[in-house]
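Where a number appears in this text, it was derived from the coordinates with a stated rule and is not lab data. Note that this is a predicted model, so its numbers are computed, not measured. With ideal geometry, Cβ positions are generated from the backbone for all residues, glycine too; neighbour counts draw on all protein chains shown.
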Amino acid sequence: MKDAIGNVQRIVVLGGTSDIALATVVKLTQARPGVQVTLAARPSERRAAAAAALEARGMQVTEIDFEATDRTSYERAIASVFATGGDVDVVMLAFGLLGDQERAWQDVDAALALVQVNYAAAVACGVLVAARLRAQGHGAIIAISSVAGERPRRSNFVYGSTKAGMDAFYTGLGDALERDGVQVLVVRPGFVRTKMTAGLAAAPLSQAPEQVAEVIVAGLRAGRHTVWAPPAMRWVMSVLRHLPRPVFKRLPV
Amino acid sequence: MDSRRPLTGWGRTNPSVATVHSAGDDAELARLVTEAGRRGVLARGLGRSYGDAAQNGGGVVVDMTARNRVLSVDTGTALVSVEAGASLDQLMRLLLPLGLFVPVSPGTRHVTVGGAIAADIHGKNHHLDGSFGRHVVAMDLLCADGTIRRLTPESELFWATVGGMGLTGLVLRATLRMKKVESAYCLVDTERCADLDDLLGRMAADDHRYTYSVAWIDCLARGASLGRSVLTRGWSATVEQLPRTLREHALDFRPKQLAVAPSVFPSGLLNRATVAAFNEAWYRKAPRERRGEIQSIARFFHPLDAVAQWNRIYGPRGFLQYQFVVPFGAEETLRRCIQMLSDTGQASFLAVLKRFGQPSPGHLSFPTSGWALALDVPIGAASLGGLLDRLDEEVLAAGGREYLAKDSRLPASAIARMYPRLDAWRVVRRAADPHGVFTSDLARRLGL
Ligand SMILES: Cc1cc2nc3c(=O)[nH]c(=O)nc-3n(C[C@H](O)[C@H](O)[C@H](O)COP(=O)(O)OP(=O)(O)OC[C@H]3O[C@@H](n4cnc5c(N)ncnc54)[C@H](O)[C@@H]3O)c2cc1C
């Protein structure tokens, strides 16, 4: 149960090895040790390392298996999280695939893989989590979207289209859950230097996961529905969205 | 008449959504309790606890205020039976004309008898009369199994319910021993105190002479004037002590509401500058010393009630109240806490200092002998959480505790250290409510 200051007691991360999610957990729990954190992800060394890093900061970490391409897996994972233990204050939806754009727009399997994880599983998990938080009468969902969903670009429009879909779903979910005491925060980061983008050339306004975490925690405490990271991205995207197509296409983005 | 809606405490922080059910008759409530779902049931009075004590996210919250009848009055014995949703305001309006005053009055009249029992509230007379539970002769408690038990102070469940924050059941009715008074006025002595030593010295020296005693400390005064304050103490006035003009209607009680705070206040209206200016004016306005002034009960006990919904002035982010008691002998802790608050300049109106007397037998009852300080703090400054966590450590180190009816942010780890009888309380509660039907956001947050 969170408190009046914004201290949380229990956090669940779906996609528990996400750099942005882990930085957010650290930031969110900084003030007090002992917060319970569940990392739901594929069993891996990275998950174990993430758990160890959070434990070293005084958190009580539980690892559970979670596979976004497998409905039985994510249904079971979410059910087990809510079956025991205290109320969940925050669920972070942080799994996602960047994929290979050039394959993705020409190969059905590659396209469906992105759709399956970034959109279909994101929506399904949203449905499952929403029902539980409603029943609690309080809680928050942080959904990691992307500016790539705001205006499709030639360089990653398949990924962008899945994020546009999940972004729309979570934005609407926020409205649907408003009367149930549940906050949904949609996060639209620009380029973040993470494992997901390792090897890509950093775009302008690129940032570290910690900077995104900062924006997320501030938005959560202020009761926001959408945040951009860095915040200036909001205005950049607003301009980009309105650029005529011929101009937009020639931009190096 | 159920409605699902968000609820907060008086501090307007951290809402949760519950099914709010307006209390019907005993049989209907018994059915509600025995058919409770996984998220349980909780009684709510007038929502004057500051934090999440009267919230039950996802569950049922029973609004008790519909059950507010006075069932019997005996002016001879001063015993009064009421339904638990009756407010102290109502009791004063009805019973002062009969010469009966509530045995314990908090800083607002707008609390219910049920809320007063559940928080085992204290007033300015704690050093003499103890807390509210001591003046409860009997009560009817609707328990988790749907039965109604008549509890008296001989039973353990009685004392687990007094101060039990609604977690043992629904208090339906109570019989209270009121205080006989001759008038609805107080005879008040006011003194200005230059600093904390001056204040504590005066309180320790002759508080015992007064029925009621409280000090207002300017938390923004620093350095040599740290703890500068106004001490007000008094007695219920006899008819003879009243000026002639008041004697004929000595028991009249018609408090006026002067204003209602508007619903929209910007955040940050109260900042260090505005509060410091207010505090300065307030201190200067108080007489250096004035003896034997006649004040109405409303003015002496409930100055804030003159402005309805004043909690709105803290803006949309809300505020919290930090209240702790430390034992006598821990004056240095008290000084350090006031110092820490004044150093960081977290804007606060005035802090209230009381001297508590003997503790109550209630397992989770807050008052224990010592110095009790309470102050309001707006939510806002990022450093607030850390500051209050450090204050907790000071309070704990001195063997003190904080008040659950005010709390909205304690870490669960602090509770057992503050309330050594928590385990004993849990045993009684588990026996009465093995499945934890009665629960609240506060109970979940603190792992009660
Ligand atoms: C301006 C102000 C000044 C105050 N001054 C003081 C003071 O001087 N001293 C002091 O001690 N307190 C003080 N308080 C706190 C207040 O007295 C307590 O919080 C009190 O419990 C509020 O009563 P309520 O009816 O509003 O209860 P609520 O806030 O609605 O509920 C408080 C608790 O009581 C339980 N409860 C309510 N009714 C019942 C019932 N029928 N059966 C079982 N449980 C029930 C609830 O479950 C909850 O846990 C002050 C509060 C304000 C806003």
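Counting other beta carbons within 10 Å of each Cβ, put A:D175, B:D389, A:D3 in order, fewest first.
A:D175, B:D389, A:D3
Which is the longest part of chain B that has none of the trypsin sites (Lys or Arg not before Pro) sitting in a DSSP loop with at most 13 other Cβ atoms within 10 Å?
Maximal segment without exposed cleavage sites: B:70-255.
For the range A:108-200, which trypsin sites (Lys or Arg not before Pro) are both in a DSSP coil and crowded by at most 14 other Cβ atoms within 10 Å?
On the way: sites: A:R132, A:R134, A:R153, A:R154, A:K163, A:R179, A:R193, A:K195; in loops: A:R153, A:R154, A:R193, A:K195.
Within the range A:108-200, the qualifying trypsin sites (Lys or Arg not before Pro) (loop, at most 14 other Cβ atoms within 10 Å) are A:R154, A:K195.
How would you rank B:T152, B:T190, going from fewest to most other Cβ atoms within 10 Å of each one's own Cβ?
Lowest to highest Cβ neighbour count: B:T152, B:T190.
Which of the DSSP-defined H helices in chain A satisfy a minimum axial length of 20 Å, computed from C-alpha atoms, and a minimum mean Kyte-Doolittle hydropathy of -0.5?
A:122-136, A:157-177
Can you give the charge dipole size of chain B about its Cα centre, rounded to the nearest 20 debye, using +1 on the beta carbon of Lys and Arg and -1 on the beta carbon of Asp and Glu?
For this selection, approximately 600 debye.
Could you check the simple spin-label distance between B:L79 and B:R5, using points 7 Å along Cα→Cβ, in nm with one decimal?
3.9
Rank B:V60, B:A215, A:A202 by how far each Cα sits towards the positive end of the charge dipole of the protein assembly as shown (+1 on Lys, Arg Cβ; -1 on Asp, Glu Cβ) and give me just the farthest.
A:A202
Within the range A:29-120, report the trypsin sites (Lys or Arg not before Pro) that DSSP leaves as loop and that have at most 10 other Cβ atoms within 10 Å.
Sites meeting the loop and neighbour criteria: none at all.
Mind listing the Cα extents of the range A:10-249 along all three principal axes, in Å, largest one first?
Computed over the Cα atoms, the extents are 54, 38, 35 Å.
In nm, give the distance between the simple-model label positions of B:Q339 and B:H249, each being 7 Å from the Cα along the Cα-to-Cβ direction.
The modelled label-to-label distance comes out at 5.2 nm.
Hey, with R₀ at 35 Å, roughly what FRET efficiency would A:E178 and A:R42 work out to, going by the Cβ-Cβ distance, to 0.05?
0.55
Using the Cα centre as the reference, give the magnitude of the dipole from point charges on the C-beta atoms of the protein assembly as shown (Lys, Arg: +1; Asp, Glu: -1; all else neutral), rounded to the nearest 20 debye.
Numbers: 82 positive and 67 negative charges, 287 e Å.
In debye, rounded to 20, the protein assembly as shown gives about 1380.
To check you understand DSSP bridge types, tell me what percent of the beta bridges within chain B (both residues inside) are antiparallel, rounded to 5. Mind showing how you got there, number by number?
Values: 67 of 78 bridges.
Among the beta bridges of chain B, antiparallel pairing accounts for roughly 85 percent.
So which aspartates and glutamates can A:K195 reach, going by Cα to Cα under 14 Å and dropping same-chain residues fewer than 8 places off?
The qualifying aspartates and glutamates are A:D19, A:E210.
Can you find, among A:A222, A:G16, B:H21, the residue farthest towards the positive end of the dipole of the protein assembly as shown? Put +1 on the C-beta of Lys and Arg, -1 on that of Asp and Glu.
Checking the options against the dipole of the protein assembly as shown, the answer is A:A222.
Give the residue from B:F300, B:A382, B:A261 lying farthest towards the positive end of the charge dipole for the range B:185-416; charges sit on Cβ (+1 for Lys and Arg, -1 for Asp and Glu) and the dipole is referred to the Cα centre.
So the residue we want is B:A261.
Kirkwood hydrodynamic radius (Cα pairs, Å) of the range B:185-416?
On the way: mean 1/r = 0.0525 Å⁻¹.
Evaluated over the range B:185-416, this radius sits at 19.0 Å.
Quick one: net charge of B:I297's neighbours, Cβ under 12 Å, K/R +1, D/E -1? Don't jump to the answer; show the numbers that get you there.
Numbers: positive: B:R93, B:R109, B:K124, B:K179, B:R254, B:R299; negative: B:D89, B:D252, B:D305.
Local net charge: +3.
Full extension from B:R426 to B:E182: what is 0.36 nm times the residue separation minus their Cα-Cα distance, to one decimal in nm?
83.6 nm
Could you give the distance between the Cα centres of the range A:171-202 and the range B:289-324, to the whole Å?
Here the answer is 44 Å between Cα centres.
Quick check: from the Cα gyration tensor, does chain B come out rounded (a/c under 1.5), prolate or oblate?
The shape class here is oblate.
Restricting to DSSP loop positions (anything but H, G, I, E, B) with no more than 16 other Cβ atoms inside 10 Å of their own Cβ, which GluC sites (Glu not before Pro) remain in the range B:190-276?
B:E248
Subtracting the Cα-Cα distance from 0.36 nm times the residue separation, let me have the gained length for A:L243 to A:R193 in nm, one decimal.
Length difference between fully extended and current span is 15.3 nm.
Classify the protein assembly as shown as rounded, prolate or oblate, taking a ≥ b ≥ c as the square roots of the eigenvalues of its Cα gyration tensor: rounded when a/c is under 1.5, otherwise prolate if a/b is larger than b/c and oblate if not.
prolate
Could you work out how far the C-alpha centroid of the range B:54-95 sits from that of the range A:20-73, in angstrom?
The two parts, judged by their Cα centres, are 48 Å apart.
Compute the FRET efficiency between B:S22 and B:F278 as 1/(1 + (r/R0)^6), taking r as their Cβ-Cβ distance and R0 = 41 Å, and round to the nearest 0.05.
Computed FRET efficiency for B:S22 and B:F278: 0.60.
Ranking B:H135, B:H208, A:H138 by Cβ neighbours within 10 Å, fewest first, what do you get?
Values: B:H135 20, B:H208 12, A:H138 27.
Lowest count first: B:H208, B:H135, A:H138.
Please give the calculated 222 nm ellipticity per residue for the protein assembly as shown, where each DSSP H segment of at least 4 residues contributes -39500 (n - 2.57) and the sum is spread over every residue; nearest 500 deg cm²/dmol?
So the calculated ellipticity at 222 nm is -9500 deg cm²/dmol.
Report, in whole Å, the centroid distance computed from the Cα atoms of the range B:423-448 and the range B:167-242.
About 34 Å separates the Cα centre of the range B:423-448 from the one of the range B:167-242.
Quote the charge dipole size of chain A about the Cα centre in Debye, to the nearest 20; the model charges only the Cβ of Lys and Arg (+1) and of Asp and Glu (-1).
800
What does the extension gain come out to for A:A232 and A:A203, with contour length at 0.36 nm per residue minus their alpha carbon separation?
9.0 nm
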